[in-house]
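So the structure is just underneath, and the comments pick up after that.
Each value in this text was obtained by applying a stated rule to the coordinates, not by laboratory testing. Being a predicted model, the structure only gives us computed values, none of them experimental. Note that each Cβ is placed from the backbone with ideal geometry, even for glycine, and that neighbours are counted across all protein chains shown.
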Amino acid sequence: FSVCGDGVVSGDEVCEGSGGSGLGCDPETCQPKAPEGCAAYTKGDRVYLVCEDLVTWDEAHARCESYDAEMLSIESAEEQDWLFAASSPPDQGYWANGTDTGSEGLWRTDAGVPVDYLPWCSLEPNGGTNENCLQHYWSGINCPNDSYCENGHHPVCEFTFYPDADGNGVSGAT
C-alpha cells in the first residue's frame, strides 16, 4: 500500500498523518481527524482541536495530554486573530496554557516556560491570587483574561500534524 499526501485517498492508499496525537487523520480527506465533540482547525502544520464542552483548567490540561497535544499557546497577534476568526469563540472562551499560581503576576506554561504574548483585555489581569489560569476570548473579545481555574471554559489543544507529503510512507518526510 502507499500513503496519501495529496489530501485524497484513492486505491490502496492509507492516511498516515499524525502529530504523535494518536488521532490520525480522516481517511476521506487525509486531513487531521478531530475526536467526537471537537472541531479541528489547521493553520500550516499546526492543528487546533476546539472542544465543545466546558471544563476546568486542570481538566483541559488532562484532555490535551490524553490527545498527546499541548494546551493552546497563543504566540502572536496573527495567530490570535486567525484562531478567533476561524473558530468563532463562544462567550465562555478557551483555556490557554498559562498560570500564575505560586508566583502572582508571573505567567508560565505548565512546563514552566514564561508566557510572552499577553495583550491583556482591558482592566486585566484583575483576579489577584483568585484568578490564576489563562483564558482567551472572554465574552467574545479577542484578548487574554485571568480566570478562576475552576471556571468552565472550552479546552483547545494544539499539535503539529505531519502528513506524508511525498508519499514515501514516512510522516513528515520531504
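Tabulated values for the structure
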quantity: Stokes-Einstein D in µm²/s, Kirkwood radius over Cα pairs - segment 68-112 at 37 °C with 0.692 mPa s viscosity; calculated: 272
quantity: Whole-Hz couplings from phi, Karplus 6.51/-1.76/1.60, listed for segment 107-119; x for Gly and Pro; calculated: 8, 9, 6, 4, 8, x, 7, x, 8, 8, 9, 9, x
quantity: Table column - 3J(HN,Hα) (Hz), segment 46-54, Karplus curve with 6.51, -1.76, 1.60, x for Gly and Pro; calculated: 9, 10, 10, 9, 9, 9, 6, 6, 9
quantity: Reciprocal of mean inverse Cα separation for segment 45-121 (Kirkwood radius, Å); calculated: 13.5
quantity: Extension reserve of the Ser103-Glu65 stretch, reckoned as 0.36 nm per residue once the Cα distance is removed; calculated: 11.3 nm
quantity: Leading residue at positive end of dipole, segment 63-127 (Cβ point charges), from Ser76, Ala86, Ser122; calculated: Ser122
quantity: Kirkwood estimate for segment 100-165, i.e. one over the average of 1/r between Cα atoms, Å; calculated: 13.3
quantity: Sequence ranges 113-120, 65-72, ranked by mean other-Cβ count within 10 angstrom, highest first; calculated: 65-72, 113-120
quantity: Peptides ranked, highest mean first, by Cβ atoms within 10 Å: ranges 127-135, 83-91; calculated: 127-135, 83-91
quantity: For peptides 148-159, 42-53, sequence by mean Cβ density within 10 Å, most packed first; calculated: 148-159, 42-53
